[in-house]
């Protein structure tokens, strides 16, 4: 045990600073007087000086190499923090957009759709009900009869005439927003028509038995749409009866111009639906863009970091 | 060209000027890093990292002691490296091997005084390793102050700049570091110079 352990922290500090000539003159004077009187203190001072001397005796090591920066490394060094910042910002923006998207769908889409469902539920036609009931039963291989769903999910079905062709772009947008929902991992209550269309397509394909409650609800809704106001007119023009009735909702998004659009615009819930589909597309594009940007930046940042 | 001019040029983006500063300070930076890290390889990494950081930050240097400013970056780089190694302990195995290299570098004959016999050189290197081990037993913030003030013989003011703390903190940390080192060094026994051992004996 050294005599340093017997000192108070203050004494230790004084002695240490005194040994380095870093004690203010007044305090140094006081300590000098004490040192003359107290051999223990002198001893402690000698130990501090000896310890410091040992440390100073450590040999200086030669650096193993030059640490100068090459032009390339210097460029990377300058680029790295910017890349890091850009990556962080892009990532933040991405999660912000996804968050707003999910929030908007959860908070707004559900009520407006529910309203739409209530309004169209009333004029449900008899055959439509039959179809719905059919689906509630254990389904045979080709049981779903969801041709209309297929039609809404895919742009411009075969029998499309000039009018239907005109409108072809819109269903494709609807289809895309369904994809957007999948990407954004929307919460369960995000029951919008586009995702139904998607489910319907799948169900009408190879796995009819997996018709979910969502798909059933969708079928109801779509049947309802098929018999909604304006339906007859469209169907008449399309001359394809039931089969072509499905593209009719696709006409809803067409602004003004079309004669049948005036009638359709009375169906407010459809407009709400359309708004959601439209903003869904905008969100999708923003999410894809920001996600891709964040990913690319992250890769560049990591590469820079490795090369530093 | 004097240091101030080199700094100004480097701040304007002149890499050559910056590299001349690197050559001037790399010995100090590497030695500080080595004494804080205790191993050659991580000290090398920390030194390189410090100069890269300094290059990025040199535009923000606003005068004062360039050495203090640079050493602050070096100590930060060392702390980062220590944290990294704590998170990934597998590195310490490499470090262990590197440590033996470091031992060699301390026993490098080129560092021994000319005219020393082989035994003296061996003893010196054993003492150096013993001192280094005692340094490593100190908490990092005490070790840094001991390295800067004692090993590198910087003034308190400069140490304060390097650790970003007031001089009062330097004083107290250095005093406590020395007291702990003294206790540890006494364990080195025969390796210590006779005068130092005698100091230990007389206090009882």
For the range A:30-46, enumerate the residues that are out of contact with any helix residue (DSSP H, G or I) (no Cβ under 7 Å at 6 or more places or on another chain) and either within 16 Å of residue A:5 (Cβ to Cβ) or within 14 Å of chain B (Cβ to nearest Cβ) (or both).
-> A:38, A:39
If residue A:60 passes every condition in (1) within 10 Å of chain B (Cβ to nearest Cβ); (2) under 23 Å from residue B:145 (Cβ atoms); (3) crowded, with 17+ Cβ neighbours inside 10 Å but one, which one does it miss?
-> (3)
Any residue in the range A:10-31 that is closer than 30 Å to residue B:37 by Cβ, in a helix (DSSP H, G or I), in contact (Cβ under 8 Å) with a residue 40 or more places away in the chain and over 60 Å from the mean Cα position of the chain (by Cα)?
-> no
Go through (1) surrounded by fewer than 19 Cβ atoms within 10 Å (Cβ to Cβ); (2) within 10 Å of chain B (Cβ to nearest Cβ); (3) free of Cβ contacts under 8 Å to residues at least 60 places away in the same chain one by one and return the number of the condition residue A:54 breaks.
-> (1)
Looking only at the range B:93-101, decide whether some residue is within 11 Å of chain A (Cβ to nearest Cβ), modelled with pLDDT under 95, touching a helix residue (DSSP H, G or I) at 6+ places or on another chain (Cβ under 8 Å) and not in a helix (DSSP H, G or I).
-> no
Taking residue A:59, is it free of Cβ contacts under 8 Å to residues at least 12 places away in the same chain and assigned to a loop (DSSP other than H, G, I, E, B)?
-> yes
Within the set of pairs 6+ apart or on separate chains, which have a first residue in the range B:175-204 that is on the phi > 0 side of the Ramachandran plot and more than 7 Å from every other protein chain (Cβ to nearest Cβ), a second that is buried (at least 20 other Cβ atoms within 10 Å of the Cβ) and modelled with pLDDT of 70 or more, and C-beta atoms under 6 Å apart?
-> none
The residue from B:145, B:151, B:159 that alone is under 17 Å from residue B:34 (Cβ atoms) and more than 9 Å from chain A (Cβ to nearest Cβ) is B:145
Does residue B:46 satisfy the condition of being touching a helix residue (DSSP H, G or I) at 6+ places or on another chain (Cβ under 7 Å), on the phi < 0 side of the Ramachandran plot, facing chain A (nearest Cβ under 10 Å) and buried (at least 20 other Cβ atoms within 10 Å of the Cβ)?
-> no
Among the residues of the range A:76-105 satisfying the criterion of being surrounded by fewer than 17 Cβ atoms within 10 Å (Cβ to Cβ) and within 9 Å of another protein chain (Cβ to nearest Cβ), which is nearest to the chain's Cα centre (by Cα)?
-> A:81
Taking the range B:162-174 as the region of interest, how many residues are closer than 22 Å to residue A:43 by Cα and either more than 8 Å from chain A (Cβ to nearest Cβ) or touching a strand residue (DSSP E or B) at 6+ places or on another chain (Cβ under 6 Å) (or both)?
-> 1
Can you confirm whether the range A:53-68 contains a residue that is at pLDDT below 90 and closer than 30 Å to residue A:298 by Cα?
-> no
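The values are calculated or read from the model by the stated rules, or taken from the named source; none is laboratory data. Just so it is clear, the model here is predicted, and its values are computed rather than measured. A quick note on method: Cβ atoms are made from the backbone with ideal geometry, for glycine too, and the neighbour counts reach across all protein chains shown.
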